[in-house]
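First up is the structure itself, then whatever we jot down about it.
The values are calculated or read from the model by the stated rules, or taken from the named source; none is laboratory data. This is a predicted model, so every value here is computed, not measured. Counting neighbours? That spans all protein chains shown, and the Cβs are built from the backbone with ideal geometry, glycine included. All accessible areas refer to the heavy atoms of the entire protein, side chains included, with ligands and DNA or RNA removed. Shrake-Rupley method; radii C 1.70, N 1.55, O 1.52, S 1.80 Å.
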Amino acid sequence: MLNSFTWRIRILLCSALLAGCSATPDLPAFTASGYLADRGAVRIWRKNSDHDIIHLRTVYTPFSTSTRETTDYIWQKERLLSVERRVTGEQPDDVTLRFDHQDNLNFMQRQLAGRREAVSADTVALYRFDAQRMLTQSNALLSGRVLLQQGHWQGGSRVRNCAGQPLEVAFDSTTLAQLARQQAETPQPLMVSWLEAPAGIQLLRMTAEDECSWQPTESELSS
């Protein structure tokens with residue numbers, strides 16, 4: 001069953017899809033948020049730059065496979081400029097779409113293993129829809145102050161984040177038991193991602209993979 005924190009996140013996202021709220025202006029220009037989807041975890045890094053440019057990087061990691069799906073969306077003044085999606089794993093799949101300032105598609109490419117393909121008009125429409133959905137969800141999460149943290153678990157409430165800073169995190173007893181069981185099954189330090197919000201703390205993902213190695217920096221999303 002979903003806990004109360006997860007229910008509140010889902011209500012927040014549904015409300016945003018209906019209301020179209022904007023991001024909270026007093027947050028830093030570089031933020032991270034996320035949510036639990038039905039089949040995996042979604043993490044969203046966001047950089048708000050000058051000239052009304054928004055760069056979103058979303059990372060979707062399914063619960064059941066080692067696939068990682070990374071998508072970069074770039075917006076300017078609410079106009080979508082580009083989408084770049086990279087899927088790693090057994091079936092890699094890269095898609096790049098670019099749009100001009102009249103909202104017309106001016107570049108598209110899909111790179112599969114060993115070959116390139118065109119992208120159909122229906123697929124382009126789906127990418128546009130998904131881009132708008134992710135921007136709306138990012139706005140909702142930041143408006144609700146749902147912020148992502150991640151790092152290496154040190155035991156108990158101690159985590160060293162990806163910048164090397166020690167943190168004390170108020171994980172509940174159920175989460176601590178989950179972390180301890182998972183750590184007992186692997187010799188590698190356990191990587192943990194969680195959400196912090198006024199409603200509390202929600203464990204998002206735990207893995208033996210060092211996900212700090214690919215966590216984006218502010219400068220990376222500013223380029």
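So here's what we get for this one:
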| item | result |
| --- | --- |
| Filtered residue count, region 104-128, keeping only those that are of a type in the set (D, E, K, R) and under 25 Å from the mean Cα position of the chain (by Cα) | 3 |
| Flag if Gly151 is buried (at least 17 other Cβ atoms within 10 Å of the Cβ) and more than 27 Å from Arg79 (Cβ to Cβ) | yes |
| Region 179-190 - residue that is among the polar types (S, T, N, Q) and part of a helix (DSSP H, G or I) and, of those, nearest to Arg205 (Cα to Cα) | Gln182 |
| Pick from region 192-204, criterion in contact with an Asp or Glu (Cβ under 9 Å, 6 or more places away or on another chain) and either among the β-branched types (Val, Ile, Thr) or closer than 18 Å to Ala163 by Cα (or both), ranking: most open to solvent (accessible area, probe 1.4 Å) | Ile201 |
| Residues (in contact with a Leu (Cβ under 7 Å, 6 or more places away or on another chain) and surrounded by fewer than 10 Cβ atoms within 10 Å (Cβ to Cβ)) located in region 163-191 | none |
| For Ser157: the one exception among (1) in contact with a Phe, Trp or Tyr (Cβ under 7 Å, 6 or more places away or on another chain); (2) in contact (Cβ under 8 Å) with a residue 24 or more places away in the chain | (2) |
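This table checks each residue for (1) farther than 14 Å from Val192 by Cβ; (2) of a type outside the set (Ser, Thr, Tyr).
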{"residue": "Arg133", "(1), (2)": "yes, yes"}
{"residue": "Thr136", "(1), (2)": "yes, no"}
{"residue": "Gln154", "(1), (2)": "no, yes"}
{"residue": "Ser157", "(1), (2)": "no, no"}
{"residue": "Gln165", "(1), (2)": "yes, yes"}
